């Protein structure tokens, strides 16, 4: 155990011992190179979908046979007559005046509607009662199923055909129908037109009330919002806002100028400039200046205490307060006037702002009002159009009623049918049914094939994925039997103290796997897979690989388990590691307990020899189970300790095989693959979804992981296919 600890510690100091992917394999497109099908592909599809083809063809053929049996008809006889439904007369031109000039129906008769009227139960009611005297089982549905009424091209002729198994009945029915149609044209057509007028008369008040109601709504809308058209109102408001904005700019300019004058008046220079405009102030100032001149003149000739000089000075002193008071009063007046002007302009600007804001608020609601207004206009237009159409239709019907109604003319009377028009051809119908069933069955098979996203053979897998096909493992029924019998429950760990120096000490013993009940093809396929893996790197031996799949259930664990035994049988020292810490399988395949395993080895200081187990008859095969499922498998697999152990295993054993969880949706395989020689992808024939394996390959491409190749598993057809 001491030697083993020293051996693993050396790899802790040198991570270069971890094997890296020698070269990322070129990732090729997985789309099919073409959609052309060969004859072999078609035959292969028929063999693969034989049950579908046989089942669908049988069901369709049975249904067709039963239908032929139930619907086998007796020979039928057909007769007909022709009616001129719109006689040419001058009165019909009156109708043409109100007809659409673009209409191709120059006779003014809607033939499609007229034919539907002729088939109506109301018109046929009395006729059927008369016929039931001779033919009690005859019903309206029976007549409608055998009766055909068609217009001959663009003519004014209607042809009526009837078919039945009794030639006398055919002639009798057509005679009654022809007479009923002529009576209808003479007596009932005008009644129908008047019924149409009555219907229109009932609808006109409703439409008129609807028009009046919408007009009232439109009038109320205009009165409520004091405008006729929202778009015109919007333009008017925009013009008002523009004018007020321009006025506001002028007020802003005047306000700025007034505030500037007000600030100047507050200064010394401004006060002096204002005083120049004060008349009284200038008069007092002039008197003071005159007194100053007199005082200066008298001072040159009089003494300082001279009464005359003193009187001049006293007079000057008395004028100074008057000058000051007058200047202050005049300045206050000017300041007051400027302040009032500033305040007036500010109030004017605020009022303009309020008007603009009010107009803008009104402008904001105009789009909604415009939509409401337009909706009312559309409703009024539609209702008015409907009213006008009803009025026009009423006038048209009134003109047609006023015309002289002439009866229809019988151009060709019903004749006695002599030869049947239909015969039963059972053989031909069966052949047609057989051909139809085969075509439908093949179509269903093609449809099933189209929606089947799995791979049906190893060659199909190789051609579509464009990756090396390293193995094709056939379907082996004995695997389930073998695996179920190897599950022994808890298997005790047995210490093996004396082992060769090149083998890790401390291995446990598990029972050997019995291959005697496996088919030769299965074992040979595993040997071919092992040989192909070893030939991938040429001269350099493949030392460690990962076996994974795109999705669960593809058999990757089974392939890994049996590949490890085949490699051991060929003389290799093999270590099989169950790296699936989420749903471990190797312990079930080998019959081992899973109390200790890889998760314990990573998360604790447990020596590797405590968890490595060894087959007694295959001394070169060792197994590490997954151990207890950890809460975070990704964290353990991405740890530095896991990388060191992988390096130790890589250099200790001839081949290390890692069984990992599926690639799609999980990062476990991507974390381990860079520390191995590459990844081997297992795909289950007729099960693996092509989109899932494509997703897995895209993920491996992004991770730059070396893809060794693919293995087809579960091939049920011939192994040599």
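Within region 539-556, does at least one residue satisfy the condition of being in the same structural domain as residue 588 (by TED's automatic domain parsing) and in a helix (DSSP H, G or I)?
yes
Which members of region 204-225 meet the condition of being closer than 20 Å to residue 368 by Cα, at pLDDT 85 or above and surrounded by 15 or more Cβ atoms within 10 Å (Cβ to Cβ)?
Of everything in region 204-225, just one residue is closer than 20 Å to residue 368 by Cα, at pLDDT 85 or above and surrounded by 15 or more Cβ atoms within 10 Å (Cβ to Cβ), namely 214.
Condition test on residue 377, is it at pLDDT 80 or above, in contact with a helix residue (DSSP H, G or I) (Cβ under 9 Å, 6 or more places away or on another chain), over 27 Å from residue 248 (Cβ atoms) and part of a helix (DSSP H, G or I)?
When the stated conditions are applied, residue 377 passes them.
Tell me, please, whether a residue that is at pLDDT 90 or above, buried (at least 19 other Cβ atoms within 10 Å of the Cβ) and assigned to a strand (DSSP E or B) can be found in region 558-572.
Checked against the condition, which is being at pLDDT 90 or above, buried (at least 19 other Cβ atoms within 10 Å of the Cβ) and assigned to a strand (DSSP E or B), region 558-572 yields no hits at all.
Please state which one of 372, 343 is part of a helix (DSSP H, G or I) and over 30 Å from residue 213 (Cβ atoms).
Result: 343 is the single residue among 372, 343 that is part of a helix (DSSP H, G or I) and over 30 Å from residue 213 (Cβ atoms).
Tell me the residue from 657, 685 that is modelled with pLDDT under 85 and touching a helix residue (DSSP H, G or I) at 6+ places or on another chain (Cβ under 9 Å), please.
It is 685.
Quick check on region 643-650. Is at least one of its residues under 45 Å from the mean Cα position of the chain (by Cα) and in contact (Cβ under 8 Å) with a residue 40 or more places away in the chain?
yes
Going through region 28-70 one residue at a time, which ones are at pLDDT 65 or above, surrounded by 10 or more Cβ atoms within 10 Å (Cβ to Cβ) and not in a helix (DSSP H, G or I)?
49, the sole residue that qualifies.
Quick one: which residue in 159, 180 is assigned to a strand (DSSP E or B) and surrounded by 14 or more Cβ atoms within 10 Å (Cβ to Cβ)?
159
I'm checking my understanding of the structure. Among residues of region 666-683 that are over 17 Å from residue 656 (Cα atoms) and surrounded by fewer than 23 Cβ atoms within 10 Å (Cβ to Cβ), which one is farthest from the chain's Cα centre (by Cα)?
Restricting to residues being over 17 Å from residue 656 (Cα atoms) and surrounded by fewer than 23 Cβ atoms within 10 Å (Cβ to Cβ), the top hit is 667.
Can you report the number of residues in region 651-692 which are assigned to a loop (DSSP other than H, G, I, E, B), touching a residue at least 24 places away in the same chain (Cβ under 8 Å) and within 28 Å of residue 465 (Cβ to Cβ)?
14
Using the structure shown, decide if residue 629 is assigned to a loop (DSSP other than H, G, I, E, B) and either within 36 Å of the chain's Cα centre (by Cα) or more than 14 Å from residue 548 (Cβ to Cβ) (or both).
For residue 629, the condition - assigned to a loop (DSSP other than H, G, I, E, B) and either within 36 Å of the chain's Cα centre (by Cα) or more than 14 Å from residue 548 (Cβ to Cβ) (or both) - is met.
Would you mind stating whether residue 579 is surrounded by 21 or more Cβ atoms within 10 Å (Cβ to Cβ), assigned by TED's automatic domain parsing to the domain that holds residue 630, more than 22 Å from residue 685 (Cβ to Cβ) and touching a strand residue (DSSP E or B) at 6+ places or on another chain (Cβ under 9 Å)?
yes
Can you find a residue that is in the same structural domain as residue 286 (by TED's automatic domain parsing), surrounded by 14 or more Cβ atoms within 10 Å (Cβ to Cβ) and in contact (Cβ under 8 Å) with a residue 60 or more places away in the chain anywhere in region 313-334?
yes
Only one of these conditions is not met by residue 523: (1) outside any loop (DSSP other than H, G, I, E, B); (2) under 25 Å from residue 651 (Cβ atoms); (3) modelled with pLDDT under 90. Which number is it?
Among (1) outside any loop (DSSP other than H, G, I, E, B); (2) under 25 Å from residue 651 (Cβ atoms); (3) modelled with pLDDT under 90, residue 523 violates only (2).
Scan region 605-625 and give yes if some residue there is surrounded by fewer than 24 Cβ atoms within 10 Å (Cβ to Cβ), within 19 Å of residue 526 (Cβ to Cβ), in contact (Cβ under 8 Å) with a residue 24 or more places away in the chain and out of contact with any helix residue (DSSP H, G or I) (no Cβ under 6 Å at 6 or more places or on another chain), otherwise no.
There is at least one residue in region 605-625 that is surrounded by fewer than 24 Cβ atoms within 10 Å (Cβ to Cβ), within 19 Å of residue 526 (Cβ to Cβ), in contact (Cβ under 8 Å) with a residue 24 or more places away in the chain and out of contact with any helix residue (DSSP H, G or I) (no Cβ under 6 Å at 6 or more places or on another chain).
The values are calculated or read from the model by the stated rules, or taken from the named source; none is laboratory data. Predicted model, so just to flag it, every value in this text is computed and none were measured. Quick reminder, even Gly has a Cβ in these numbers, built from the backbone with ideal geometry, and neighbours come from all protein chains shown.
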